Amino acid sequence: MDILRLTKKFSFEMAHALWNHDGTCRNVHGHSYILFVTIIGKLTDDNHSPKSGMVVDFSDIKKWVKSEIIDELDHCFVVSSDADIENLKKVQQMFEKMKIVDFQPTCENLLVYMADIIKKNMPDHIELYSLKLHETPTSYAEWYAHDQI
């Protein structure tokens, strides 16, 4: 049976600020993120299966990613729980869609967060192979399952 990788691309707009950071990213700013989700699995060769000729339907990958990642983070402000959240909440109109996380919302940490969400939503017969998150057109971070040992 053949082993294949499938990749689905997602995009979303998100703002963040890095609490206690020593560079300009300590200021609230946004990015046009592009996320590549790659799965690996065996090609279904059962002609009686509705998934014959597939590892998985691309629409399934979309389901695993869209509701808990894209819909949650798109046009959202993400900040660490270490930040002064109470003062941010006072400007409710500007921070109505705010996600408070227990980590610094760097590109790298966002990938680890996303990998955990995607893995828990996937069926057993396929695996998450890699993630790539572009924060800018020239800057990205990558996560590979085989590095997580």
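The values are calculated or read from the model by the stated rules, or taken from the named source; none is laboratory data. Quantities reported herein were computed from a predicted structural model and do not represent experimental measurements. Because the Cβ atoms are built from the backbone with ideal geometry, glycine has one as well, and the counts that use them run over all protein chains shown.
General remarks:
- Residues in the stretch 78-94 that are at pLDDT 75 or above, in contact with a strand residue (DSSP E or B) (Cβ under 9 Å, 6 or more places away or on another chain) and not aliphatic (A, V, I, L, M): 2 in all.
- Neighbours by Cβ (under 8 Å, 6+ apart or cross-chain): first from the stretch 135-146, farther than 12 Å from L35 by Cα; second among the polar types (S, T, N, Q) and crowded, with 16+ Cβ neighbours inside 10 Å: Y144/S130; A145/S130
- Here is the figure for the stretch 5-42: residues that are touching a Leu at 6+ places or on another chain (Cβ under 7 Å), under 14 Å from H125 (Cα atoms) and surrounded by fewer than 15 Cβ atoms within 10 Å (Cβ to Cβ) total 0.
- Within the stretch 37-56, considering residues that are part of a strand (DSSP E or B) and in contact with an Asp or Glu (Cβ under 9 Å, 6 or more places away or on another chain), the one modelled with the lowest pLDDT: K42
- The residue list M94, M54, M98 contains one member that is out of contact with any Lys or Arg (no Cβ under 6 Å at 6 or more places or on another chain) and over 15 Å from G30 (Cα atoms), which is M54.
- Elements of the type strands (runs of 3 or more DSSP E) sitting completely within the stretch 79-149 and holding at least 3 residues that are touching a Leu at 6+ places or on another chain (Cβ under 7 Å) and under 22 Å from I61 (Cβ atoms): these cover 139-144.
- Criterion (out of contact with any strand residue (DSSP E or B) (no Cβ under 7 Å at 6 or more places or on another chain) and not polar (S, T, N, Q)) met by exactly one of H75, H134, H146, H125: H146
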